[in-house]
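The values are calculated or read from the model by the stated rules, or taken from the named source; none is laboratory data. Values in this document were obtained by computation on a predicted structure and should not be read as measured data. So basically every Cβ, Gly included, is an ideal-geometry build from the backbone, and we count neighbours across all protein chains shown.
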Amino acid sequence: MHSLPFFPLTLVVYPHENLNLHIFEPRYRQLISECIEQDITFGIPTFIDNKIKGYGTEVKVVQVSKRYDDNRMDIKTKGVRIFRIVDFQNPMPGRLYAGGDVEFVDADGLNDFMNPKLLDLTEEFYNILKLNVDFLSSEYQPFSYRIGHKIGLSPAEEYKLLTINSEEMRQRYLVQHLERTLPVIKEIERTKGIIAMNGHFKNIDPINF
């Protein structure tokens, strides 16, 4: 069992993910200041549908990019590992911020497994949308986490991905998502093409009958 201060956010943070934060609320200025002074980590539980979910990600402060005269801060952080909340206290005794006890989850994070089908579907996704996205970065991060924010998952689906503790199963989950999503995107793009042609002269081949 481990104790962590909590910084709930309406987003999902994955292990090895870089996250920039602007710290302005007094309770979180206190939290981040203590983390820096004591060289400790904090937890970001996911807050969805107006409630704290059961899982979150431990995060470490990598750099303070800027300090403001009113004690606000811009910081760079990095996700470390996933936890499950065992006990939640709001606020923690003697503090402005929440915290609690957590159990860390083995998320199979060191697995370099890459599902070829997922890679193909991801490439197709970006090709259809005509987007140039670097999802094969040299900086290490399991592939499921690397693309988890970049293929149109809803916040609830991103959270579901966080709770799956096998890289192979996470990638299967993303394959299923893309198999559902790609036909819809293709139809949208086809419809956009039809709309764009409306009002223009069309060169249509005659039909032989």
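Some observations on this one:
- Residue within region 166-178 that is of a type in the set (Val, Ile, Thr), more than 12 Å from the chain's Cα centre (by Cα), modelled with pLDDT under 90 and over 20 Å from residue 80 (Cα atoms) present: no
- Options 68, 55, 28, 97; residue that is closer than 20 Å to residue 144 by Cα, outside the structural domain of residue 139 (by TED's automatic domain parsing) and among the hydroxyl-bearing types (Ser, Thr, Tyr): 55
- For region 55-72, the condition holds for at least one residue, the condition being that it is within 24 Å of residue 163 (Cβ to Cβ) and among the polar types (S, T, N, Q).
- Any hit, region 112-121, residues being of a type in the set (D, E, K, R) and in contact with a helix residue (DSSP H, G or I) (Cβ under 9 Å, 6 or more places away or on another chain): yes
- In this entry, residue 204 is excluded by the filter for residues that are in a helix (DSSP H, G or I) and modelled with pLDDT under 75.
- The single condition among (1) outside any helix (DSSP H, G or I); (2) surrounded by fewer than 18 Cβ atoms within 10 Å (Cβ to Cβ); (3) at pLDDT 95 or above that residue 157 does not meet is (1).
- Exactly one residue out of 78, 66, 60 is in contact with a Cys (Cβ under 9 Å, 6 or more places away or on another chain) and either in a strand (DSSP E or B) or free of Cβ contacts under 8 Å to residues at least 12 places away in the same chain (or both): that is 60.
- Count of region 81-94 residues which are charged (D, E, K, R) and either in contact (Cβ under 8 Å) with a residue 40 or more places away in the chain or farther than 24 Å from residue 106 by Cβ (or both): 1
- Single residue of region 81-121 satisfying the filter (basic (Lys, Arg) and not in a strand (DSSP E or B)) that is farthest from residue 160 (Cα to Cα): 95
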